[in-house]
Every structure is written in structure tokens, then in C-alpha cells.
1. Label-point separation (nm) for Leu78 and Lys41, each offset 7 Å from Cα along Cα-to-Cβ?
2. Can you give me the solvent accessible area of Glu123 with a 1.4 Å probe, rounded to the nearest 10 Å²?
3. Stretched out fully, how many nm does the piece from His133 to Tyr175 gain, at 0.36 nm a residue minus the Cα gap?
4. Using R₀ = 25 Å, calculate the FRET efficiency as 1/(1 + (r/R₀)^6) where r is the Cβ-Cβ separation of Glu59 and Asn158; round to 0.05.
5. Quick one: length gained pulling Ile87 to Leu6 fully straight, 0.36 nm per residue minus the C-alpha distance?
6. Lys51 accessible area, nearest 10 Å², 1.4 Å probe?
7. Where the centre of each part is set by its Cα atoms, how far does the stretch 13-43 sit from the stretch 138-161, in angstrom?
8. Nearest 20 debye, what's the magnitude of the dipole of the chain about its Cα centre given +1 on Lys and Arg Cβ and -1 on Asp and Glu Cβ?
Amino acid sequence: MSGSSLLPQKLFWVDLEMTGLDPNKDCILEVAAEITDFNLKTLDSYEARIKQPKELVAERMQKNSWWQDYPENRDDFLSKTNDGKTITVVEDELLSLLKTHFGSQPAILAGNSIHNDRLFVKEYWPSLDLALHYRMLDVTTIKILFQGKFNIDYQKPNGHRAFDDIQASIAELQYYLDWFKNNQG
Ligand SMILES: [Mg+2]
């Protein structure tokens, strides 16, 4: 990146709820996205549930045993597999959100362990993937630095619902930024 016009001005926060972590076998159940500036002020947000075949969702939930720890989420997703929008419609809506805020500039994806979400974006939303910058802002990278370097173990709620998880990721980055501000020098 050279020239101030190319410095990033906004972040594209994304959180996906999937049936599991294997992009070749698992599917996306829910997405939340939020556009913020670098003061982490919300400029826009988006949320959608995605229609998926019930048998597939049930089978993957069976295979991924951690769903047993989230019975409320499991029952909610399982009972509403036919609700929501198709994966194609959701990709179109996300692309139009990006167009509004980033124009033709690639958007920087942000979130916790965001590479996992990116794998699913690549697999299911290839056009969206192309609209994203190869650089990503992973809040988990900063978490690791704080744990190992400063002995600070920030605890964030982990509800595993897309919208709440995004708010938690943004709050976590805000915590680290406040820490830097209060500990300068
Ligand atoms: Mg999540």
C-alpha cells in the first residue's frame, strides 16, 4: 500500500455460524456483518439466516459434538433450516453492502480467528471473496500478544450467535485500543 488514499478507512466485520469448521463438509447457518470506521463506530450492519437442507444440518450437528454444549442454538437452527434466505441472495446483499461502503476498493475483513470465516467465504461466496483484501484484521492475533506479552487475558462472551459475536469482537478490540491509549510510554 502506498499513498494515503489507499490507507484503510473502514473495517468489514463478519461472523459466521456454521455447522462445523470444515468448509468442504459444513455449511453456513447465519451471518452478521458490520461496517465500522477505525474509531469502531458502526456505519452499517447486516444480519441473515441462511436456508440449508435440514438433513445436512442435522447430520453435521451430529458429527460435531460441541453442539451438545449449545442446545438452545442447536434447536433454534435445526427448527428453522427452511427459514431465511438462500446463500446466493445473501452473497448478493453482502456485495451490495460492500459496494456502498468500499466502492471498488477491497474491504478488510475483521473478526476473531477470521481466517476460519474466510475459508467459508472462499468456498460458498467466491464473488465476495474477490471483493475482499488479502489482508485481514484478526482480533485473536492481538489477544495472543496480550496474553503472552502483557499477561492480560481478556474474557469475552462466546454466545455463538453471529450478531452477538461481532459485538463481542468489536468490544474486545476496543479494550486493547483503550489499553494502548492508557499505557503509552
Ligand atoms: Mg460466531
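1. 4.5
2. So the heavy atoms of Glu123 present about 90 Å² to solvent.
3. So the chain would gain 12.6 nm between His133 and Tyr175.
4. After rounding, the FRET efficiency stands at 0.55.
5. Length gained, Ile87 through Leu6: 26.0 nm.
6. 80
7. 18
8. Computed charge dipole of the chain: roughly 440 debye.
The values are calculated or read from the model by the stated rules, or taken from the named source; none is laboratory data. From a predicted model like this one, the values you see are computed outputs, not experimental measurements. All Cβ positions, even for glycine, are placed from backbone atoms using ideal geometry, and neighbour counts span all protein chains on display. Ligands, DNA and RNA are excluded from the accessible area calculation, which covers all protein heavy atoms including side chains. Shrake-Rupley method; radii C 1.70, N 1.55, O 1.52, S 1.80 Å.
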